[in-house]
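These notes concern the structure reproduced below.
The values are calculated or read from the model by the stated rules, or taken from the named source; none is laboratory data. In this text, all values refer to a predicted model and were calculated from it rather than measured experimentally. Cβ sites come from the backbone with ideal geometry, for glycine too, and all protein chains shown count toward neighbours.
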Amino acid sequence: MAGHVHMMDVVLISQLSPHLLRSSVRLLISQGPSTRTIFLKHVQARLTASPVPFPDSHALLSSSSWGSGSDKRQEEELIRLVQSGFTAADMADHYGDAELVYANFRNRLSPSVRSQVLAATKWCVFTPLTQPLTSLFVLEKVKERYRRLGGRVELLQFDWYDYSCKDYLNILVELVRLTAIYPNLVSTIGLCNFDSEHTVEVCEYLIAKTGSVGIVSNQVQFSLIDSRPLQLMVNVCAKYGLKLLTYGSLCGGLLSAKWLGKAAPDIYSETLQLTPSQRKYHDMIMSWGTWQDFQSLLYELSAIADEHRVTLTNIATRWILQQPSVGALIVGTRLGVSNHVDDNLATFGFTLNAWDLDRIEALALGISRGKTRRLFSKLGDCGTEYRNEN
């Protein structure tokens, strides 16, 4: 662990995954200068009940354990993570009983530790609302997350299914107002999988209705392979003071030394047994370029890793952290099964220099960011693949 990374300089967002739930684990590591904020300076002011110092830069680590470890081993791992300074958890309303399990873990901690352990979750609307949109309706949805988490939601991220239905705008107005009225219920609001156009729409609507942007973040897919956020999203975030929480940054583990020098996989092979996530990211790689292009990128990342005496994944992670407007990066851990805490912390012990960045981006982004532009043109902006376009 680098000398400048201290316990309170590191924050973990974990998406719990006991073996009965088959849900994912997400870790959030933060690092940065002494200025303490959670994405924006105004956010910490809302955490008056149990203020926690947050650095300006964050790295969000996410992955799936899919429940191979025992409950006891997973709990032991959570304790170790908290002791190491990984103290926040990210879940969602549809991640099985993850919120309940995390609530049980958090509420059994001593008061002094519990006040430092934070919860982020999501309210995801994938289908049309079945009841009238009222302030009470939104409040009840937030209370449901609060009840399941056994306490305050430090960050509630909102995901919406269909931009043609504009109810999401008034829902977000109500959510932002709730952070002021009930700060001990929900502290901050973010977006999940919103594209650039509609992130701007949301911010402008909130400014018009509430007098401020109100939201603090947007969670999107972002990696050396999927660099679509560089097209528009990072500038939108800079304009409105938002931070990106990025997932898919290691392509389900494909961006690792394990795949260096390997032939293109048969994604449905019973021998390889790729996860659904890996099959998804393999498709993304094939949209980005060829398997040979991918191997060339892995070899370059490996060479740079050797120069810095870190791992290939550290390089891929570090690149994301050095991109504009990135607040957090999601990579994988498996509670009770494998432990990469020390390896992940190594990400904060070095910085990629201009020569490193040029070598990486020539292969990952293409000449004049040609690969980025082509992928954006082919797939659309951030989150388009999750939208209902009917």
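Among the residues of the stretch 124-143, write down those that are modelled with pLDDT of 95 or more and either of a type in the set (Asp, Glu) or not in a loop (DSSP other than H, G, I, E, B) (or both).
135, 136, 137, 138, 139, 140, 141, 142, 143
Name the one entry in 266, 293 that is surrounded by fewer than 24 Cβ atoms within 10 Å (Cβ to Cβ), among the charged types (D, E, K, R) and in contact (Cβ under 8 Å) with a residue 40 or more places away in the chain.
293
Pick from 266, 293, 306: which is at pLDDT 95 or above and over 18 Å from residue 347 (Cβ atoms)?
293
Say we look at the stretch 336-390 and pick out the residues that are at pLDDT below 90 and among the aromatic types (Phe, Trp, Tyr); which of these is nearest to residue 168 (Cα to Cα)?
386
Go over the candidates 247, 281 one by one and state the one that is within 23 Å of residue 366 (Cα to Cα), buried (at least 20 other Cβ atoms within 10 Å of the Cβ), of a type in the set (Phe, Trp, Tyr) and in contact with a Cys (Cβ under 8 Å, 6 or more places away or on another chain).
281
Got a number for residues in the stretch 357-371 being assigned to a helix (DSSP H, G or I) and more than 19 Å from residue 329 (Cα to Cα)?
9
From the residues in the stretch 250-261 that are assigned to a helix (DSSP H, G or I) and in contact (Cβ under 8 Å) with a residue 12 or more places away in the chain, which one is surrounded by the most Cβ atoms within 10 Å (Cβ to Cβ)?
By that ranking, first place goes to 251.
Could you list, in sequence order, all residues of the stretch 204-215 that are surrounded by fewer than 24 Cβ atoms within 10 Å (Cβ to Cβ) and at negative phi?
Within the stretch 204-215, 204, 205, 206, 207, 208, 209, 210, 212, 213 meet the criteria.
Quick check on the stretch 156-197: of everything there that is outside any helix (DSSP H, G or I) and of a type in the set (Gly, Ala, Ser), which residue is farthest from residue 219 (Cα to Cα)?
Applying the filter and picking the extreme gives 164.
Outside any helix (DSSP H, G or I), touching a helix residue (DSSP H, G or I) at 6+ places or on another chain (Cβ under 8 Å) and either at pLDDT below 75 or surrounded by fewer than 18 Cβ atoms within 10 Å (Cβ to Cβ) (or both): which single residue out of 100, 109 fits that description?
109
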